[in-house]
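Enquirer: Here it is, the structure in full.
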Amino acid sequence: MQISTLGVNYCRDPKLKDPKRNLFLLLCQTFGLLAIGLPAIPVGAQDGVWALSSHRITNAPAKVQVAPAPMTREYPATKLKWTPVNTPGDLIHAGIGNHTSAAYYRLKLAFDSGTQRYSIRLGEISDRDQVYFNGEPMASTGTWDAVSPQAYDRIRVYDLPVNAGTGPHELIVQVRNDNNDELGIYRGQIEAGPSRLIWKKYYLEMTAQLALLSAYLTTALYFLFLFVRRRVEREYLYFGLFLVFLVVYHFFRTQLKFELPVEFAPMKKAQYVALVGMVPLFYFFLDAFFRPSRRAFRWTRKALTVLLLLPATGLGLIFLSDRATSWEIWNQRLIQPSWIPFVLACLAILLTNLRKRDARLMILGFLTLLVATILDVLQSQALTNLPTLTPIGLAVFNLGIAGVLANRFVRLNQELALNNESIRRFVPAGFLNLLGREDITATSLGDQVAIDEIAVMFTDIREFTTLSETMTPAENFAFINSYYKRVGPIIRNHDGFIDKYLGDGFMALFPKGAATALAAAIEMQDTLKAYNGFRIQRGYRPIQVGVGIHSGRCILGLVGEQKRIDGTVISDAVNVASRLEKLTQKHSCLAIVSTEAAARLPASHRFRLSDLGRVEVRGRREPVGIMGLEGIQ
């Protein structure tokens with residue numbers, strides 16, 4: 001009987017029950033086999049008989065007997081001229097057959113146990129096959145007389161009959177292609193051994209491929225998500241799509257594709273679609289990542305965009321044909337030659353950006369992939385005995401680029417955090433809190449809020465104009481910043497914030513009321529005394545600072561136009577506090593406080609205030625009562 005599971009055909013002994021192997025069972029077996037270690041795989045062939053071991057996998061002899069076969073499916077009934085041929089390998093290159101022909105492989109097997117269940121792995125066969133065990137049909141893959149490709153990149157794993165004795169046994173594999181470039185077992189090692197080890201190895205390979213494809217797909221979705229969140233960074237889109245095409249291409253190269261309810265030809269065409277898109281997408285990724293500004297690169301970008309018509313034409317011709325040879329012809333004559341300008345443009349972008357660390361890392365990943373590819377070519381020509389390295393090189397290449405992009409994203413976030421921190425120094429956090437905004441990016445022109453009560457403080461350094469004339473510009477700014485460095489934290493410590501710097505003075509707001517403003521004024525004057533002692537020691541003049549405080553209702557918001565926005569406070573309290581500050585030159589006190597602000601102090605306050613009468617304030621019809629802040633009891 002014949003069962004097909006995961007794109008692999010295998011045969012069970014007719015005396016045994018036929019277990020239904022579905023995808024769920026396959027996954028269960030896969031993860032169950034992961035716990036078992038793989039033994040070494042030596043070569044097992046003596047005197048032309050391939051001796052199979054009951055406890056390890058053995059490789060077939062390097063040369064296998066091959067003979068031409070008729071196009072009809074039949075066991076070789078007459079004596080044939082058998083020729084030893086290196087296997088795996090293309091029989092057409094070995095001088096046997098052509099693009100539409102058939103051939104026989106002959107193997108002699110000996111079992112070291114007559115009751116052990118053995119399996120054989122034949123590798124990838126172009127294009128269909130029929131297997132005979134001791135002259136009896138055992139298993140097959142593909143419809144023999146079909147006019148379309150069947151499974152020329154499908155791995156064949158077959159279970160050998162049980163209780164057949166130790167042998168030797170004859171295994172004949174008849175292969176046939178149909179308009180294919182290869183004939184026979186052209187790729188993959190021929191090996192056999194206990195069924196549990198053969199299937200375990202196969203499942204582990206599938207698990208590794210699934211893991212790698214899952215990693216690529218997860219990375220692709222991550223960068224596509226980044227593009228959705230930040231559409232200006234087109235490199236995330238191109239690299240995400242590049243990885244999606246890479247996943248599609250490699251998926252249709254695995255045996256997993258044979259589990260899909262789709263015919264072989266459409267799957268191969270989908271593989272060509274992914275192959276066509278990968279190289280151009282990688283070029284557009286590099287172009288968007290480095291953003292070359294030279295005119296030559298701009299013209300190159302336009303020319304390569306037009307050049308996309310060439311692989312698109314080749315892809316259209318592939319879709320119109322059902323012949324595998326035609327697919328390869330259009331792939332080799334139209335699609336692959338169109339990659340050359342894209343590859344050269346990629347190298348030009350990387351070489352012109354060698355000073356950048358990201359470009360050097362990408363070139364290193366590219367060289368890793370190139371070396372792995374060259375070694376695999378040498379291995380395919382039997383010049384080396386290394387394992388397949390291209391998937392490893394490709395993984396290093398893609399993960400390296402993903403790391404570069406992720407590192408760039410981290411750098412952008414760090415720069416954004418630094419920018420936000422810088423912006424906070426221009427727009428006080430207290431101002432944003434009063435507007436009900438957590439971040440400046442959430443604000444917009446016209447945002448405003450009405451506050452029923454807020455204390456406003458104005459300060460000014462007396463006789464600053466005369467003092468500044470004795471200093472250079474650099475000394476002026478050093479002096480002002482030295483002063484603000486001492487008083488700024490005091491305002492924040494009393495739950496206020498400086499809304500505006502006014503040269504040698506500033507305006508501060510205290511949302512919690514007049515008590516916090518008065519406490520800040522007292523600490524400011526105490527700090528000023530210590531600062532003046534510091535100045536006198538170094539031969540500088542002491543300074544005096546006037547402070548005016550008023551409390552009342554205000555409107556706070558954002559004004560300006562599209563290109564320039566600033567926060568402002570519209571209130572009578574601002575005007576009154578500014579006028580009161582100027583009156584400090586006539587009174588000897590720490591600060592002048594309006595009676596309206598003093599009336600809002602809690603009854604238990606300990607501030608010492610003296611009545612200074614009433615004064616006329618410009619902009620007010622009624623006189624304003626003022627009080628001098630003398631200190632705290």
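The values are calculated or read from the model by the stated rules, or taken from the named source; none is laboratory data. This is a predicted model, so every value here is computed, not measured. FYI the Cβ positions are ideal-geometry reconstructions off the backbone, even for glycines, and counts take in every protein chain you see. Areas reflect the complete protein model, heavy atoms only, side chains present, ligands, DNA and RNA absent. Shrake-Rupley method; radii C 1.70, N 1.55, O 1.52, S 1.80 Å.
Enquirer: Which residue pairs have Cβ atoms under 7 Å apart, sit 6 or more places apart or on different chains, and have a first residue in the stretch 521-549 that is free of Cβ contacts under 8 Å to residues at least 12 places away in the same chain and a second that is part of a loop (DSSP other than H, G, I, E, B) and aliphatic (A, V, I, L, M)?
Expert: Asn532/Ile543
Enquirer: Okay, next question. Which condition number in (1) open to solvent by 30 Å² or more (accessible area, probe 1.4 Å); (2) closer than 27 Å to Lys356 by Cβ; (3) touching a helix residue (DSSP H, G or I) at 6+ places or on another chain (Cβ under 6 Å) is the one that Trp330 fails?
Expert: For Trp330, the failing item is (2).
Enquirer: Is there a residue being of a type outside the set (Phe, Trp, Tyr), more than 24 Å from Asn407 (Cβ to Cβ) and open to solvent by 70 Å² or more (accessible area, probe 1.4 Å) anywhere in the stretch 347-369?
Expert: Looking through the stretch 347-369, none of the residues is of a type outside the set (Phe, Trp, Tyr), more than 24 Å from Asn407 (Cβ to Cβ) and open to solvent by 70 Å² or more (accessible area, probe 1.4 Å).
Enquirer: Moving to a separate point now. Among the numbered conditions (1) open to solvent by less than 30 Å² (accessible area, probe 1.4 Å); (2) at pLDDT 90 or above, tell me where Gly567 comes up short.
Expert: (2)
Enquirer: For the structure I just gave you, tell me whether Ala110 is in a strand (DSSP E or B) and open to solvent by 20 Å² or more (accessible area, probe 1.4 Å). Break it down into steps so the answer makes sense when it comes.
Expert: Values: in a strand (DSSP E or B): yes; open to solvent by 20 Å² or more (accessible area, probe 1.4 Å): yes.
So Ala110 fits the description; yes.
Enquirer: Does Gly193 count as open to solvent by less than 10 Å² (accessible area, probe 1.4 Å) and in contact (Cβ under 8 Å) with a residue 40 or more places away in the chain?
Expert: Details: open to solvent by less than 10 Å² (accessible area, probe 1.4 Å): yes; in contact (Cβ under 8 Å) with a residue 40 or more places away in the chain: yes.
So Gly193 passes the test.
Enquirer: Just to be sure I understand, how many residues within the stretch 128-176 are of a type in the set (A, V, I, L, M, F, W, C) and closer than 21 Å to Gly97 by Cα?
Expert: 9
Enquirer: So if I check each of Asn420, Asn407, which one is open to solvent by less than 80 Å² (accessible area, probe 1.4 Å), under 30 Å from Gly496 (Cβ atoms) and polar (S, T, N, Q)?
Expert: Asn420
Enquirer: Hey, among the residues in the stretch 484-502 that are among the charged types (D, E, K, R) and in a strand (DSSP E or B), which one's least open to solvent (accessible area, probe 1.4 Å)?
Expert: By that ranking, first place goes to Asp499.
Enquirer: Please find, within the stretch 455-483, the residue that is farthest from the chain's Cα centre (by Cα) out of those that are surrounded by 15 or more Cβ atoms within 10 Å (Cβ to Cβ) and part of a helix (DSSP H, G or I).
Expert: Leu467
Enquirer: Determine, yes or no, whether Leu80 is under 17 Å from Leu183 (Cβ atoms), in a loop (DSSP other than H, G, I, E, B), of a type outside the set (Gly, Ala, Ser) and open to solvent by less than 20 Å² (accessible area, probe 1.4 Å). Spell out the reasoning first.
Expert: Numbers: under 17 Å from Leu183 (Cβ atoms): yes; in a loop (DSSP other than H, G, I, E, B): yes; of a type outside the set (Gly, Ala, Ser): yes; open to solvent by less than 20 Å² (accessible area, probe 1.4 Å): no.
So Leu80 does not fit the description; no.
Enquirer: Exactly one of these conditions fails for Ala520: (1) closer than 23 Å to Arg425 by Cα; (2) at pLDDT below 90; (3) surrounded by 17 or more Cβ atoms within 10 Å (Cβ to Cβ). Give me its number.
Expert: (2)
Enquirer: Hey, Ser594 hits all of (1) touching a residue at least 12 places away in the same chain (Cβ under 8 Å); (2) within 21 Å of Arg492 (Cβ to Cβ) but one; which does it fall short on?
Expert: If we test Ser594 against (1) touching a residue at least 12 places away in the same chain (Cβ under 8 Å); (2) within 21 Å of Arg492 (Cβ to Cβ), just (2) comes out false.
Enquirer: Let me ask something additional. What tally of residues in the stretch 278-327 results from selecting those that are of a type in the set (Gly, Ala, Ser) and buried (at least 20 other Cβ atoms within 10 Å of the Cβ)?
Expert: Here the count works out to 2.
Enquirer: What do you reckon, is Thr595 hydroxyl-bearing (Ser, Thr, Tyr) and in contact with a strand residue (DSSP E or B) (Cβ under 9 Å, 6 or more places away or on another chain)?
Expert: Judged against the criteria, Thr595 is a match.
Enquirer: Please enumerate the residues belonging to the stretch 234-269 that are hydroxyl-bearing (Ser, Thr, Tyr) and either free of Cβ contacts under 8 Å to residues at least 60 places away in the same chain or under 25 Å from Tyr203 (Cα atoms) (or both).
Expert: Answer for the stretch 234-269, where residues must be hydroxyl-bearing (Ser, Thr, Tyr) and either free of Cβ contacts under 8 Å to residues at least 60 places away in the same chain or under 25 Å from Tyr203 (Cα atoms) (or both): Tyr238, Tyr249, Thr254.
Enquirer: Next question. State whether the residues of the stretch 543-556 include one that is surrounded by fewer than 19 Cβ atoms within 10 Å (Cβ to Cβ) and closer than 18 Å to Ala591 by Cα.
Expert: yes
Table: residues versus (1) in contact with a strand residue (DSSP E or B) (Cβ under 8 Å, 6 or more places away or on another chain); (2) surrounded by fewer than 23 Cβ atoms within 10 Å (Cβ to Cβ).
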residue: Thr141; (1), (2): yes, no
residue: Asp145; (1), (2): no, yes
residue: Ala151; (1), (2): yes, yes
residue: Val162; (1), (2): no, yes
residue: Gly165; (1), (2): yes, yes
residue: His169; (1), (2): yes, yes
residue: Val175; (1), (2): yes, no
residue: Tyr186; (1), (2): yes, no
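Enquirer: Is it fair to say Tyr238 is aromatic (Phe, Trp, Tyr), open to solvent by less than 10 Å² (accessible area, probe 1.4 Å) and on the phi < 0 side of the Ramachandran plot?
Expert: no
Enquirer: Next up: Among the residues of the stretch 118-128, is any surrounded by fewer than 22 Cβ atoms within 10 Å (Cβ to Cβ) and modelled with pLDDT of 90 or more?
Expert: Within the stretch 118-128, not a single residue is surrounded by fewer than 22 Cβ atoms within 10 Å (Cβ to Cβ) and modelled with pLDDT of 90 or more.
Enquirer: Taking the conditions exactly as written (without any contact (Cβ under 8 Å) to a residue 12 or more places away in the chain, among the β-branched types (Val, Ile, Thr) and out of contact with any Gly (no Cβ under 8 Å at 6 or more places or on another chain)), does Val404 satisfy them or not?
Expert: Against the criterion (without any contact (Cβ under 8 Å) to a residue 12 or more places away in the chain, among the β-branched types (Val, Ile, Thr) and out of contact with any Gly (no Cβ under 8 Å at 6 or more places or on another chain)), Val404 does not qualify.
Enquirer: Could you please tell me which pairs satisfy a Cβ distance under 9 Å, a separation of 6+ or placement on different chains, a first residue in the stretch 413-427 that is touching a residue at least 24 places away in the same chain (Cβ under 8 Å) and of a type outside the set (D, E, K, R), and a second residue that is open to solvent by less than 60 Å² (accessible area, probe 1.4 Å) and assigned to a helix (DSSP H, G or I)?
Expert: Correct list of pairs: Val427/Ile440.
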